[in-house]
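Worksheet: one structure, shown below.
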Amino acid sequence: MDRTAAFRTAPIEEIAAWPFRLVHFNLSRFYDDLLHGFHDEVMIPWRTHLCERGFTWQRLAPILFLSTEGAASTYHNDNSHGLVWQVHGSKTFHSYRDPDQRLSAEAAVIGETTGEDPPEHDPADRQSVTMLPGEQLWSHALTPHWVTTESGLAMSVTLSHGGLCRQGHYSERELALRSYWDKNPDEAWTHDLSNVRY
Ligand SMILES: [Fe+2]
């Protein structure tokens with residue numbers, strides 16, 4: 001909390017030299033100024049693109065990530081599918097070549113992944129993708145991953161898709177999540193809110 005308080009009042013030149021990672025979830029409030037054009041030029045075309053291909057979803061929203069060199073996310077999995085879009089600088093997205101060997105869908109659903117660092121593993125089992133500005137990747141829901149910042153400053157936007165479904169079909173891991181929530185309706189979506197995983 002001390003660090004958060006200091007961050008809110010320090011000069012921006014000073015902050016840019018700190019190691020930090022920031023995540024902004026509520027971006028629609030900036031659509032009229034800082035993110036002018038984002039809704040019309042990104043969100044609407046992307047939603048239209050998905051609709052035309054038979055996709056439906058329960059929520060679809062952008063998340064903005066800002067971080068400095070050396071900053072690393074936690075080791076986690078998300079309940080949503082993410083279209084990760086590197087905008088500025090460079091980051092490496094790490095997961096495993098065979099995630100099923102690492103974490104069952106059932107374990108992912110109850111958030112067994114979450115930790116500050118990934119568990120010990122053979123580097124040969126890892127799949128790491130370094131992203132440069134303009135590059136995009138798809139982060140599958142409920143797949144363990146972590147992200148490291150490689151450049152001085154990096155910014156990416158993730159379009160987060162909850163409940164993504166194509167012509168009535170969910171992905172395998174999404175089905176495990178649906179099934180868990182059917183049995184535990186009070187927990188639906190709450191994992192997203194209760195874990196600081198980014
Ligand atoms: Fe993530």
Item to check | Count of the range 33-91 residues which are β-branched (V, I, T) and under 26 Å from C165 (Cβ atoms) | outcome: 6
Next on the checklist: For the range 130-147, check the following and say yes or no: at least one residue is among the β-branched types (V, I, T), open to solvent by 10 Å² or more (accessible area, probe 1.4 Å) and under 24 Å from L60 (Cβ atoms).
Outcome noted: yes
Item to check | Among (1) in a loop (DSSP other than H, G, I, E, B); (2) within 13 Å of the ligand (Cβ to nearest atom), the one test that G70 misses | outcome: (2)
Checklist entry - Of the residues that sit in the range 138-174 and are out of contact with any Lys or Arg (no Cβ under 7 Å at 6 or more places or on another chain) and without any contact (Cβ under 8 Å) to a residue 12 or more places away in the chain, which one is farthest from the ligand (Cβ to nearest atom)? => result G168
Next on the checklist: Scan the range 102-121 and tell me whether some residue there is modelled with pLDDT under 95, under 26 Å from A188 (Cα atoms), in a strand (DSSP E or B) and more than 13 Å from the chain's Cα centre (by Cα).
Outcome noted: yes
Checklist outcome for this item: Taking the range 70-97 and keeping residues open to solvent by 20 Å² or more (accessible area, probe 1.4 Å), modelled with pLDDT under 95 and more than 17 Å from V157 (Cα to Cα) leaves G70
Checklist entry - Can you tell me which residues in the range 73-110 are away from the ligand (no atom under 14 Å from the Cβ), aliphatic (A, V, I, L, M) and more than 21 Å from E150 (Cα to Cα)? => result A105, A107, V109, I110
Next on the checklist: I'd like the full set of residues that are more than 11 Å from N77 (Cα to Cα) and loosely packed, with under 14 Cβ neighbours inside 10 Å, limited to the range 98-112.
Outcome noted: D98, D100, Q101
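The values are calculated or read from the model by the stated rules, or taken from the named source; none is laboratory data. Just so it is clear, the model here is predicted, and its values are computed rather than measured. With ideal geometry, Cβ positions are generated from the backbone for all residues, glycine too; neighbour counts draw on all protein chains shown. Please note that ligands, DNA and RNA were not included when accessible areas were found on the heavy atoms of the full protein model with its side chains. Shrake-Rupley method; radii C 1.70, N 1.55, O 1.52, S 1.80 Å.
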